[in-house]
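> This structure is in C-alpha cells; I'll ask about it shortly.
The values are calculated or read from the model by the stated rules, or taken from the named source; none is laboratory data. If you're wondering where the values come from, they're calculated on a predicted model, not measured in any experiment. All Cβ positions, glycine included, derive from the backbone under ideal geometry; neighbour counts span all protein chains shown.
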Amino acid sequence: MTKLKATPSKSLFTRYMDGVKPSVKEISWEALDLKLTAAPDGSPYDHFHLIDVRETYEWNDEHIPHATFTSRGTLERDIVYNYY
C-alpha cells in the first residue's frame, strides 16, 4: 500500500499576502531612517505606511517613531476576517 504524502494547503492569510506582496516594498533600516529624517515634519505618513508587527513587549520596550503597531496574529486574523 502506498502512502500519499499530504500537502498542506496555504492559509487564507498566506494566499492574501501572495497577492499583495508584489505591491509591498521592503526597505532597510538605513533607508527608513533617511525617509524619516527627510520628511519636513518628521512624519512619513505622506509617503508610506509603516506597520510594526513585533510582539507587544518588544513594542513597549522600543519602537520606530510614527509606526503603527499590530501583532502579526492580529493582522492575520483581521485580513482573513475582512477579506475572505
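> Take the conditions loosely packed, with under 10 Cβ neighbours inside 10 Å, modelled with pLDDT under 80 and of a type in the set (D, E, K, R) and apply them to Lys25. Does it pass?
For Lys25, the condition - loosely packed, with under 10 Cβ neighbours inside 10 Å, modelled with pLDDT under 80 and of a type in the set (D, E, K, R) - is met.
> Tally time: how many residues in the stretch 46-84 are surrounded by 14 or more Cβ atoms within 10 Å (Cβ to Cβ), among the aromatic types (Phe, Trp, Tyr) and over 26 Å from Arg15 (Cα atoms)?
Adding up the residues that qualify gives 1.
Every residue, every condition in (1) at pLDDT below 80; (2) part of a helix (DSSP H, G or I), yes or no:
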| position | (1), (2) |
| --- | --- |
| Tyr45 | yes, no |
| Arg54 | no, no |
| Trp59 | no, yes |
| Thr74 | no, yes |
| Arg77 | no, yes |
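> For the subset of the stretch 1-18 comprising residues that are surrounded by 10 or more Cβ atoms within 10 Å (Cβ to Cβ) and not aromatic (Phe, Trp, Tyr), which member is modelled with the highest pLDDT?
So, considering only residues that are surrounded by 10 or more Cβ atoms within 10 Å (Cβ to Cβ) and not aromatic (Phe, Trp, Tyr), the one modelled with the highest pLDDT is Asp18.
> Name the pairs: first residue in the stretch 57-84 and without any contact (Cβ under 8 Å) to a residue 12 or more places away in the chain, second residue surrounded by 13 or more Cβ atoms within 10 Å (Cβ to Cβ) and not aliphatic (A, V, I, L, M), Cβ to Cβ under 6 Å, at least 6 apart or on different chains?
Filtered contacts from the stretch 57-84: Trp59/Phe69; His63/Asp52.
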